[in-house]
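Have a look at the structure below before the remarks.
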Amino acid sequence: DVLSTKEQASGLSTYLSELAASVPTKSWSRNATLAYWINAYNAYTVKLIVDNYPTKSIKNLNDPWGKKFIVLAGKNYSLEGIENEILRKMDEPRIHFAINCASVSCPNLLNEAFTDAKLEQQLKAVSKSFINDKTKNTITANKIEVSKIFDWFAGDFKSKGGVINFLNDYSNTKISSNAQVNFKEYDWNLNE
């Protein structure tokens with residue numbers, strides 16, 4: 001969580017230096033590249049919160065997603081840029097359960113870095129965990145009330161047969177193809 005991370009600021013600083021020292025090149029595998037950018041997004045989100053702590057919500061910060069405060073290999077990035085211009089273009093909708101926006105309704109932050117070798121099992125685990133988390137999604141066979149993530153990024157799930165088909169790959173409850181779909185309000189309060 002953010003508070004214990006604040007106490008480990010030097011560890012975060014070291015990790016950010018490691019990310020800056022090894023930016024993906026075209027020779028990297030798809031999984032290694034995906035893992036790198038997921039880790040970068042999460043680490044820089046934590047840095048943003050730590051640098052602005054205390055705050056009640058990431059949304060209280062000035063342009064938290066659009067500000068280009070991340071410098072990697074001489075290029076400036078924003079969180080929004082990493083998410084939309086890099087990660088989402090890799091056609092892997094499970095990134096939405098791997099990246100964390102430091103808010104109550106966000107997927108929980110995995111307690112380890114994503115890696116090339118373990119990426120597939122890590123993405124399966126975070127997807128299953130998020131989808132079956134009753135505080136984030138309410139799923140029955142004929143009616144679902146799911147995270148706004150599935151609304152905001154509905155297009156990302158189309159290649160997987162749409163939201164219900166995607167959910168059925170990970171949900172403990174099988175959902176009817178004509179189930180009623182509603183979206184939960186998103187809680188932007190800081191997930192401490």
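The values are calculated or read from the model by the stated rules, or taken from the named source; none is laboratory data. All values reported here derive from a predicted model rather than from experimental measurement. Quick reminder, even Gly has a Cβ in these numbers, built from the backbone with ideal geometry, and neighbours come from all protein chains shown. Heads up: the accessible areas ignore ligands, DNA and RNA and are worked out on the full protein's heavy atoms, side chains in. Shrake-Rupley method; radii C 1.70, N 1.55, O 1.52, S 1.80 Å.
A few notes on this one:
- Residue satisfying all of: in the stretch 67-90; within 12 Å of Val23 (Cβ to Cβ) and not in a helix (DSSP H, G or I); farthest from the chain's Cα centre (by Cα) among these: Gly74
- Restricting the stretch 51-66 to residues that are more than 19 Å from Leu12 (Cα to Cα) and open to solvent by 100 Å² or more (accessible area, probe 1.4 Å), the residue that is nearest to the chain's Cα centre (by Cα): Lys59
- Subset of the stretch 169-192 that is over 20 Å from the mean Cα position of the chain (by Cα) and part of a loop (DSSP other than H, G, I, E, B) - its residue that is surrounded by the most Cβ atoms within 10 Å (Cβ to Cβ): Ile175
- Total residues in the stretch 68-95 satisfying the condition of being under 25 Å from Trp188 (Cβ atoms), in contact (Cβ under 8 Å) with a residue 12 or more places away in the chain and of a type in the set (D, E, K, R): the figure is 6.
- Per the listing Phe150, Phe166, Phe157, the residue uniquely assigned to a helix (DSSP H, G or I), without any contact (Cβ under 8 Å) to a residue 60 or more places away in the chain and touching a Phe, Trp or Tyr at 6+ places or on another chain (Cβ under 8 Å) is Phe150.
- Counting only residues that are open to solvent by 20 Å² or more (accessible area, probe 1.4 Å), touching a residue at least 12 places away in the same chain (Cβ under 8 Å) and either within 18 Å of Tyr15 (Cα to Cα) or among the acidic types (Asp, Glu) (or both), the stretch 96-119 holds 5 of them.
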